[in-house]
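S.K.: Quick one: the structure is below, and I'll ask about it shortly.
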Amino acid sequence: ATVEGLAAKKLDMVWYGGFTFVQARKRTGNAIPVVSRAEDLHFHSKFITRPDTGITTLADLKGKTFSFGSVSSTSGHLMPRYFLLQNGITPERDFTTFSFSGAHDATALWVQSGKVDAGALNEAVWDKLVERKTIDPNKVQVFWTTPPYIDYVWTVRGDLDSALVEKIAAAFLKLDSHNPADKALLDLQRTKQYVRVKPEQFKAAEEAAIAAGLLQ
């Protein structure tokens, strides 16, 4: 809906995941990535399983049941699928079954409960689930972490005035975590700093989407 909203000029600015940004860029032809959280430049996904499955490598996933998160999730589906393909594993061919839990925490709970043998989810969500004791690390463990990739990004319409785009970027970039008022805003998005980003930084996400058959 937000991709169409940006294309129809009903929205001026949207916070997208990497995959959705790639979709928006493809749909509009000129959507502009403005800033990302510093953390988003080095995002990871975690592959998790239970000790009793015998899974210790990606190759061990063959013949197992698996869960992604949401179909449109960068960290819960797109990039995990991409790295599986890079490692010679095609979900449709190599998993007994695979499904979409719809959310990162649901994937972890599905693995913990035994509904599936393994799954992939957002690294930050995994850390939060362990910290909050929603997941027992004795029952569910990480067996593989993806290489880093870029994810979330504040995006604007490509036809916005360039001076306005620069003002928007400057407003994000000047937020200072040492300033109490600024820190309150930064804390809302769980970051300490924003950085400028460029379209070419999302090339890997675009290639991943094409390789996964999710982008024409």
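S.K.: Below 8 Å, C-alpha to C-alpha, sequence gap of six or more: please give me the relative contact order for segment 44-145 in percent. Can you show the working numbers first?
M.R.: Numbers: 196 pairs, mean separation 45.3, N = 102.
That works out to 44 percent.
S.K.: Tell me which residues come under 5 Å, amide H to amide H, from Ser67 once H is placed; ignore anything under 5 positions away on its chain.
M.R.: Ser99, Ala118, Gly119, Ala120
S.K.: Select from Gln23, Gln189, Gln86 the residue whose mean-square fluctuation is largest in a Gaussian network model of the chain (Cα-Cα springs shorter than 10 Å).
M.R.: Its mean-square fluctuation being the largest, the pick is Gln189.
S.K.: By how many nm would the segment from Ala38 to Gln189 grow when fully extended, if each residue of separation counts as 0.36 nm and the alpha-carbon distance is taken off? Each step should come with its number before you reach the end.
M.R.: Details: separation 151, 0.36 × 151 = 54.36 nm, distance 1.12 nm.
Here the segment from Ala38 to Gln189 would lengthen by 53.2 nm.
S.K.: Can I get the semi-axes of the chain's equivalent ellipsoid? Compute them from the C-alpha gyration tensor as square roots of 5 times the eigenvalues, in angstrom, largest first.
M.R.: Details: eigenvalues 218, 89, 33 Å².
With the √(5λ) rule applied to the chain, the semi-axes are 33, 21, 13 Å.
S.K.: Return a single number: how many Lys pairs in segment 1-141, at a sequence separation of 8 or more or on separate chains, have alpha-carbon atoms below 27 angstrom apart.
M.R.: Final tally of qualifying lysine pairs is 18.
S.K.: In whole Hz, with x marking every Gly and Pro, tabulate ³J(HN,Hα) for segment 7-24 from phi via Karplus 6.51 cos²θ - 1.76 cosθ + 1.60, θ = phi - 60°.
M.R.: 5, 8, 6, 8, 10, 9, 8, 9, 9, 9, x, x, 5, 5, 4, 4, 4, 5
S.K.: Using a 10 angstrom cutoff on alpha carbons, build the Gaussian network for the chain and name the most mobile of Gly69, Gly18, Gly114.
M.R.: Fluctuation is largest for Gly114.
S.K.: What residue among Leu129, Leu61, Leu185 shows peak mean-square fluctuation when the chain is described by a Gaussian network model with Cα springs under 10 Å?
M.R.: Result: Leu185 has the largest fluctuation of those listed.
S.K.: Over the chain, calculate the relative contact order: mean separation of alpha carbon pairs under 8 Å at least 6 apart, over the residue count, as a percent. Mind dumping the intermediate values first?
M.R.: Numbers: 397 pairs, mean separation 73.3, N = 216.
Relative contact order of the chain: 34 percent.
S.K.: Mean projection of the alpha-carbon convex hull of segment 44-145 over all orientations, in nm²?
M.R.: 5.3
Rule-based calculations on the coordinates, nothing more; no lab input. The structure displayed is predicted, hence computed values, not measured ones.
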